[in-house]
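The values are calculated or read from the model by the stated rules, or taken from the named source; none is laboratory data. This structure is a prediction, so every number in the text was calculated from the model and none was measured. Cβ: placed from backbone, ideal geometry, glycine included. Neighbour counts: every protein chain shown. The accessibility values were calculated without ligands, DNA or RNA, using every heavy atom of the protein model including side chains. Shrake-Rupley method; radii C 1.70, N 1.55, O 1.52, S 1.80 Å.
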Amino acid sequence: MINIENVSFKYKNSDYILKHINFSVNNGEVIAIVGKNGSGKSTLGRLIAGITRLKEGTITIDNMNTSKDIKAIREKVGIVFQNPENQIIFNNIYDELSFSLRGLEQSEIENRISTSLKQVDMYDFKNKDLYALSLGQKQRIMIAEILAKNPKYIILDEPTTMIDSYGKEKIHDIILDLKQKGYTIICITNLSDEILLADRTLILDNGEIVAEINKEELIDKYAILEKYGIKFPTLLSILVELKKEGIDLHVSDFSVKELSTAIKEKLNTERKSI
């Protein structure tokens, strides 16, 4: 479990980027953190991962303090950033993944690399050149590199912002699969469709959490997203309009792909009843 208690943060000679942040993330949850550029989302992710040093407040992960137990925290928490090209060290995919596993038995390294690449549907690229891949494929390799370390918690910092629609869909599928496998995921995003992947959505505005919305509340609370400049997912916009017409579908019951199918089925049922 992740606990964030009264966290505030500022860089040297700057105003506070985060102010009195308090929330928890339960094991197995997917949390979306959304907000305008400059709202403090990425800084919060780096603080949770132990990359940026916390000075005010407390962040504990499984009762370990990110300010004290840095090595143990980094073994439990993996973070993937927006631009995969900024994270690449080696040209070869196998070399990239094996570098962070040095010190393990060779058989264990082989097993972890194969398993993680299969999880992101990139096993056939095991010995390929990283720089020959698309941005979406590179990002999947970066996710595989984190998975190879066997983390319990994964932070995805705008993982699909630079990627085409096919690449986004592949990463969305990976997030859903990881959730089913019991991973706890924090997805920092500006992309509205990724809200649908989350159990809860936290809205950051000017460094403060201004709203927390459970997935099943999204339709009823869509005005809150609009208030803070968060683009509403297209499928949810359709559900809102359908609800106004008396056709009520519950977003908590569906994945992103299943929503469109459910809408079609519901509309077909309504037509037959006329």
Once R0 is set to 51 Å, what does the formula 1/(1 + (r/R0)^6) return for the Cβ-Cβ distance between residue 72 and residue 268, expressed as a FRET efficiency to the nearest 0.05? 0.45
Rounded to the nearest 500 deg cm²/dmol, what is the calculated helix-only ellipticity per residue at 222 nm for the chain, with -39500 (n - 2.57) per DSSP H run of length n ≥ 4? -11000 deg cm²/dmol
In whole Hz, with x marking every Gly and Pro, tabulate ³J(HN,Hα) for region 173-188 from phi via Karplus 6.51 cos²θ - 1.76 cosθ + 1.60, θ = phi - 60°. 4, 5, 4, 5, 5, 5, 4, 4, 8, x, 5, 9, 10, 10, 10, 8
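Would you mind working out the magnitude of the charge dipole of the chain relative to its Cα centre, with +1 at each Lys and Arg C-beta and -1 at each Asp and Glu C-beta, to the nearest 20 Debye? Display every interim value, and only then the final one.
Values: 37 positive and 40 negative charges, 94 e Å.
Result for the chain is approximately 460 debye, rounded to the nearest 20.
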Of region 10-31, those with amide N under 14 Å from the point 7 Å along the Cα→Cβ vector of residue 62 are 27-28
On a 0 to 90° scale, report how tilted helix 135-147 is relative to the longest principal axis of the chain, with both axes built from alpha carbons and the result rounded to the nearest 10. 70 degrees
Under a point spin-label approximation (7 Å from Cα along Cα-to-Cβ), what is the residue 89-residue 123 distance to one decimal in nm? 2.6 nm
Tilt of helix 234-244 relative to the longest C-alpha principal axis of the chain, in degrees (0 to 90, nearest 10)? 30 degrees
Sequence-separation-based contact order of the chain, relative, with Cα cut under 8 Å and 6+ spacing, percent: 23 percent
Match the structure shown to one of the listed values (i) 32, 20, 19; (ii) 44, 19, 16; (iii) 32, 26, 16 of semi-axes √(5λ) of the Cα gyration tensor in Å, computed from it, and give that label. (iii)
Obtain the nm distance between the two label points defined at residue 16 and residue 176 by a simple spin-label model: each point lies 7 Å from its Cα along the Cα-to-C-beta direction. 4.0 nm
Only Lys, Arg (+1) and Asp, Glu (-1) charged, at Cβ; region 3-66 dipole about Cα centre in debye: 360 debye
R0 of 35 Å, Cβ-Cβ distance residue 36-residue 149: FRET efficiency to nearest 0.05: 0.65
³J(HN,Hα) computed for each position of region 15-32 - Karplus, 6.51 cos²θ - 1.76 cosθ + 1.60, integer Hz, glycine/proline x: 6, 5, 8, 10, 9, 6, 7, 9, 6, 10, 10, 7, 4, x, 7, 10, 10, 9
Can you tally the net charge around residue 234? Count Lys and Arg as +1, Asp and Glu as -1, for every other residue whose Cβ sits under 12 Å from the Cβ of residue 234. -1
Just to be sure I understand the model, the point goes 7 Å from the Cα along the line to the Cβ. What's the resulting residue 104 to residue 24 distance in nm? 3.1 nm
Can you tell me the relative contact order of region 46-182? Whole percent, Cα pairs under 8 Å, sequence separation 6 or more. 29 percent
How would 131, 166, 94 rank on accessible area, largest to smallest, probe 1.4 Å? 166, 131, 94
